[in-house]
């Protein structure tokens, strides 16, 4: 096939067979966000590059290697968003959403990073996320974690664990960074080239290393909790007490860091072992310094983002049904049957909320139409031919159940179909 008909490497189509799962995920997450009083915000895919370089940090892989950046016709440097927290902060500042009561916002959409494509990691990926501005205490962090747990339960997902750590404040991270660099410098001979580069540019990212030798070395390295002051420790202990009271299970992970510079205090990840190496499906934490970095007054903030591709993969592994499944396929044989059937289909769609019904398009024998009905995934075939029209009856064939075909009068169909749909939803 010509390359002009190939998608860009690392950027994939979401095909109709998967869309129902995506829609179920998005509906469920939006419903849970609404339960907690979050309002949706939609920001541009393109931002000025400095929106991200100020927020994420120059010495991160995202800024150094992964951003899609270019100069526009005016010479301004623009970037496709690699994440959306920085853009949400920019939008909140620009539109006066801060500095009053706590503001709860959520978003969804595509993000872009020029990474090496692999399973669970693509160059265009999709996130849904939640951000809270103006609430400094651990109670809001705990509420975010409770909201995340509610999402997994609503989706019916299991085998997901919550890991938790505290990065403390900026001063404590500087002290820890110095101790970590001193320790790792003594063992430079063991470090791979990537770790050596991180040691110079962003030492905390060494904790993310997948190299077994580096991880073994880290087992004796200093940990950040040894440098937390009284205020940071109180914040973290407060968060843990809320989680314990709400009976939310978690594991402490002193090696857990985030790849973006703006995080501090509580950070967290939800992880599964069912997706191989790319097991983090949702992550976040507190970023109290980001609003000031973006030019605003100091203002507390916390949030998380979830990777939709990875959660969809989990849902598909669990063979979960999606939204938008087709309920019935109208088999229509003959011009008169087509006219009556299409009018009947419109009445059914109007009077039965949630009914998904498709009429056969074009002509075709009964045999060919039944093949189309079966391929459609519908549960029922509604059959209307010349005999049915003359008798004002409709035949119903079960496509997914081993049950006898039945015939109904036209005036019985609506009530019967509504009851079948209600039973199917149970």
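Details
- Residues in region 87-107 that are in contact with a helix residue (DSSP H, G or I) (Cβ under 9 Å, 6 or more places away or on another chain) and surrounded by fewer than 19 Cβ atoms within 10 Å (Cβ to Cβ): 93, 97, 98, 102.
- Pairs, first on the phi > 0 side of the Ramachandran plot in region 16-40, second modelled with pLDDT of 95 or more and surrounded by fewer than 14 Cβ atoms within 10 Å (Cβ to Cβ), C-beta under 7 Å, six or more apart: none
- Scanning region 250-278 for residues that are in contact with a helix residue (DSSP H, G or I) (Cβ under 8 Å, 6 or more places away or on another chain) and assigned to a loop (DSSP other than H, G, I, E, B) returns 250, 254, 255, 256, 257, 259, 260, 261, 262, 274, 275, 278.
- Of all residues in region 385-395 being assigned to a strand (DSSP E or B) and surrounded by fewer than 19 Cβ atoms within 10 Å (Cβ to Cβ), the one that is nearest to the chain's Cα centre (by Cα): 395
- Among the candidates 354, 364, residue that is part of a loop (DSSP other than H, G, I, E, B) and more than 23 Å from residue 424 (Cα to Cα): 364
- In the condition set (1) surrounded by 14 or more Cβ atoms within 10 Å (Cβ to Cβ); (2) in the same structural domain as residue 241 (by TED's automatic domain parsing); (3) over 24 Å from residue 286 (Cα atoms), residue 214 is compliant with all but (2).
A quick yes/no check of all residues on (1) under 12 Å from residue 328 (Cα atoms); (2) surrounded by fewer than 13 Cβ atoms within 10 Å (Cβ to Cβ):
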position	(1), (2)
342	no, no
351	no, yes
363	no, yes
369	no, no
372	yes, no
380	yes, no
383	yes, no
400	yes, yes
405	no, yes
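- Options 70, 125: the member that is assigned to a strand (DSSP E or B), over 19 Å from residue 293 (Cα atoms), in the same structural domain as residue 286 (by TED's automatic domain parsing) and out of contact with any helix residue (DSSP H, G or I) (no Cβ under 8 Å at 6 or more places or on another chain): 70
- Breaking point among (1) surrounded by fewer than 17 Cβ atoms within 10 Å (Cβ to Cβ); (2) more than 23 Å from residue 248 (Cβ to Cβ); (3) out of contact with any strand residue (DSSP E or B) (no Cβ under 6 Å at 6 or more places or on another chain), for residue 113: (1)
- Subset of region 169-189 [assigned to a helix (DSSP H, G or I) and exposed (fewer than 13 other Cβ atoms within 10 Å of the Cβ)]: 170, 171, 174, 182, 185, 188, 189
- Residues in region 1-38 that are at pLDDT below 95, in contact with a strand residue (DSSP E or B) (Cβ under 6 Å, 6 or more places away or on another chain) and within 20 Å of residue 315 (Cβ to Cβ): 0 in all.
The values are calculated or read from the model by the stated rules, or taken from the named source; none is laboratory data. All figures in this text were calculated on a predicted structure; none of them were measured in a lab. Here the Cβ is made from the backbone with ideal geometry for all residues, glycine too, and neighbour counts use every protein chain on show.
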